[in-house]
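Trainee: Supplied in structure tokens, the structure appears directly below.
The values are calculated or read from the model by the stated rules, or taken from the named source; none is laboratory data. Please read all numbers here as calculations on a predicted model, not as lab measurements. Heads up, the Cβs are rebuilt from the backbone with ideal geometry, glycines too, and the neighbour counts pull from every protein chain shown.
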Amino acid sequence: MRIPVTCLAILIALSASALAAPAPVAPVIKPHFVSQREGLAYMREGPSYDHKILWAYRHRGYPFLVTAGFDVWRRVVAADGTTGWMSANMLSDQRTVLVTGKGRAQIRQSESGGKVVGLADPGAVASLKTCTLQACHIHGEDIDGWIARDRIWGVSTDEVFK
């Protein structure tokens with residue numbers, strides 16, 4: 001079978017352009033904290049629905065640290081250090097924190113201390129309003145106050161914001 005010269009030239013041009021096309025580039029993502037959007041989210045071992053589910057997270061608002069991205073997938077780290085991939089649709093930019101440590105954490109009236117306005121059990125999730133170097137202003141069910149930074153996860157060590 002003979003291929004006309006014009007068809008051969010088109011095939012060569014298409015082959016050359018396919019080889020020269022750059023590979024898709026993963027989005028550059030600066031590490032940042034996010035929270036779980038829905039009441040159920042799956043952490044997978046890789047960035048696709050074909051990858052095995054590692055964990056099912058069942059707490060809306062649970063904080064994660066995003067460390068990388070690929071297409072619509074985000075590599076996240078949980079408070080216990082578990083790392084995996086989640087669909088970006090399952091994550092929200094709303095900031096939350098997880099109470100950590102042993103025993104109940106005191107929530108105080110002001111950044112510098114003051115009256116204890118509540119106690120938070122380890123594992124409790126609260127919305128994050130603002131942070132100083134010593135404490136963060138949080139809001140949860142029926143509670144609003146300041147908690148020591150060493151009792152929460154979901155804020156970078158030197159992160160300060162109003």
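Trainee: Out of curiosity, is residue 60 in contact (Cβ under 8 Å) with a residue 24 or more places away in the chain and under 21 Å from residue 29 (Cβ atoms)?
Mentor: The answer is no for residue 60.
Trainee: Got at least one residue in the range 119-127 being in contact with a Phe, Trp or Tyr (Cβ under 9 Å, 6 or more places away or on another chain) and not charged (D, E, K, R)?
Mentor: Checking the range 119-127: at least one residue is in contact with a Phe, Trp or Tyr (Cβ under 9 Å, 6 or more places away or on another chain) and not charged (D, E, K, R).
Trainee: Applying the selection to the range 125-140, what residues are touching a residue at least 12 places away in the same chain (Cβ under 8 Å) and in a strand (DSSP E or B)?
Mentor: Scanning the range 125-140 gives 125, 126, 127, 128, 130, 131, 135, 136, 137, 138, 139, 140.
Trainee: If you go through the range 24-42 one residue at a time, do you hit one that is more than 17 Å from residue 93 (Cα to Cα), of a type in the set (D, E, K, R) and either in the same structural domain as residue 126 (by TED's automatic domain parsing) or modelled with pLDDT of 95 or more (or both)?
Mentor: no
Trainee: Which numbered condition in (1) surrounded by fewer than 18 Cβ atoms within 10 Å (Cβ to Cβ); (2) in a strand (DSSP E or B); (3) touching a residue at least 12 places away in the same chain (Cβ under 8 Å) is the only one that residue 158 fails?
Mentor: (2)
Trainee: Residues of the range 109-126 being small (Gly, Ala, Ser) and surrounded by fewer than 16 Cβ atoms within 10 Å (Cβ to Cβ), which ones? Let's see the steps before the verdict.
Mentor: Taking the range 109-126 first, the residues small (Gly, Ala, Ser) are 110, 112-114, 118, 120, 123-124, 126.
Once the filter is applied, which keeps residues that are small (Gly, Ala, Ser) and surrounded by fewer than 16 Cβ atoms within 10 Å (Cβ to Cβ), the range 109-126 yields 110, 112, 113, 114, 123.
Trainee: Still on this structure, please answer the following. What's the number of the condition residue 51 fails, among (1) touching a helix residue (DSSP H, G or I) at 6+ places or on another chain (Cβ under 8 Å); (2) not in a strand (DSSP E or B)?
Mentor: The single condition residue 51 does not satisfy is (1).
Trainee: Something else: Out of 100, 96, 67, I need the residue that is over 15 Å from the mean Cα position of the chain (by Cα), within 18 Å of residue 155 (Cβ to Cβ) and of a type in the set (S, T, N, Q). Which one?
Mentor: Of 100, 96, 67, the one residue that is over 15 Å from the mean Cα position of the chain (by Cα), within 18 Å of residue 155 (Cβ to Cβ) and of a type in the set (S, T, N, Q) is 100.
Trainee: From the list 96, 132, 82, exactly one residue is surrounded by fewer than 17 Cβ atoms within 10 Å (Cβ to Cβ) and under 23 Å from residue 29 (Cα atoms). Which is it?
Mentor: 82
Trainee: To continue, here is another question. Out of the range 69-124, which residues are in a loop (DSSP other than H, G, I, E, B) and β-branched (Val, Ile, Thr)?
Mentor: If the condition is that a residue be in a loop (DSSP other than H, G, I, E, B) and β-branched (Val, Ile, Thr), then 72, 82, 100 are the ones that fit.
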